1. Through the Karplus equation 6.51 cos²θ - 1.76 cosθ + 1.60, θ set to phi - 60°, convert the phi angles of region 192-203 into ³J(HN,Hα) values in whole Hz; use x for Gly and Pro.
2. Would you mind calculating the gained length between residue 21 and residue 287 on full extension (0.36 nm times residue separation, minus the Cα-Cα distance), in nm to one decimal?
3. If each of residue 11 and residue 58 carries a label point 7 Å out from its Cα toward its Cβ, how far apart are those two points in nm?
4. Round to the nearest 0.05 the FRET efficiency obtained for residue 48 and residue 94 when R0 = 22 Å and r is the Cβ-Cβ distance.
5. If packing is taken as the average number of other Cβ atoms within 10 Å across a peptide's residues, how do 43-49, 193-199 rank, most packed first?
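What follows draws every value from the coordinates through simple rules; no lab data is involved. Treat the numbers as computed from the prediction; the structure is a model and nothing was measured. Please note: Cβ atoms are built from the backbone with ideal geometry, for glycine as well, and neighbour counts cover all protein chains shown.
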Amino acid sequence: MPLHAQPLADASDQTLALWVAAFASSHIGMSAIRSRLISSLGEALGTLNLVGNEAWRLPEWWPGDSAAGNRIFPDALTAGRQVYRALYTAVSFVTLGSAFGAYLHSSSLSGGSFVGDQSTFWLATAALSFGAAVASLFNASPLGLMPSFEGASTEGGETSGAARIAGLRRDDALKFTTRGLTRITRHPLILPVVPWGLATAHLAGGRPCDYILFGGLAVYAVAGCWAQDLRVQREEGSVGTVFQTEGPRAAEGRSGEKEQLRSFFEETSFVPFKAVIDGRQSLEVILTEVPWLQFVAGTTVGVLIEMRILQLLEDWSVHA
């Protein structure tokens, strides 16, 4: 790198760090006041007469949850949560998108070369992380937004179209049962970002900008999961898809979910394999329950995706 480019790269790295910090702090901050935001948004929507409109529905085939079905704004709490998620997504798009733009700019100034697929260990780490995240979609945690399904049955009455899709019935309460990946960690979808971020930072060149972006995402994954655990332990409102730990919905017959969630926390660990080490979970049982097919498929696809990501990063950095 030319000497005159170093100050520019340093300034660009600082901008990148600010955007990564904005992404992490805004998400953790929004999560910290999630209950109040959802409540306020729900009240505002109710004031505007946007709550309880039965005509506002998603298609009948939509796999809605047991609380709202396919209704969009059935009550103030659900309406507030839907708008909260939209705002959360918008903040993600702005902050993470800006961080990525700053990364490409910094990368173009930093020079250096991409390691690419020359490092087998780091490529394997990234691919295995991707495989674990894919497998977690089929072995969801109650702390995540991925819904859970079981084979639909007409016993005891016909299941509504809103809860059925491709012969399956949505039942998010199934996620309370500790199984497979959740016996390893209660955050099987997000924590794989940690090894993926560190591996990708190395594969992308190991420059400051690489560790600021991808290492920053790894730090955010740990902090975000820890903050979510803290919110559940303090019983500060909804988590995951529709689960409640306090508020009107819990008082109206959903308080059982609070006990199920507490039981789930007692059986699982934040740190991967800690529950196995201290005897709460069995490695033998884990090996029989992990969705291996999805894990292997996800890992295989992960190799191709990681290599493609690295190639795109290199191409985009040249033209940034």
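1. With the stated coefficients, region 192-203 comes to x, 5, 5, x, 5, x, 5, 5, 5, 4, 5, 5 Hz.
2. Working: separation 266, 0.36 × 266 = 95.76 nm, distance 3.76 nm.
Length difference between fully extended and current span is 92.0 nm.
3. 4.7
4. With a Förster radius of 22 Å, E is 0.35.
5. On the way: 43-49: 13.1, 193-199: 21.4.
The packing order, highest mean first, is 193-199, 43-49.
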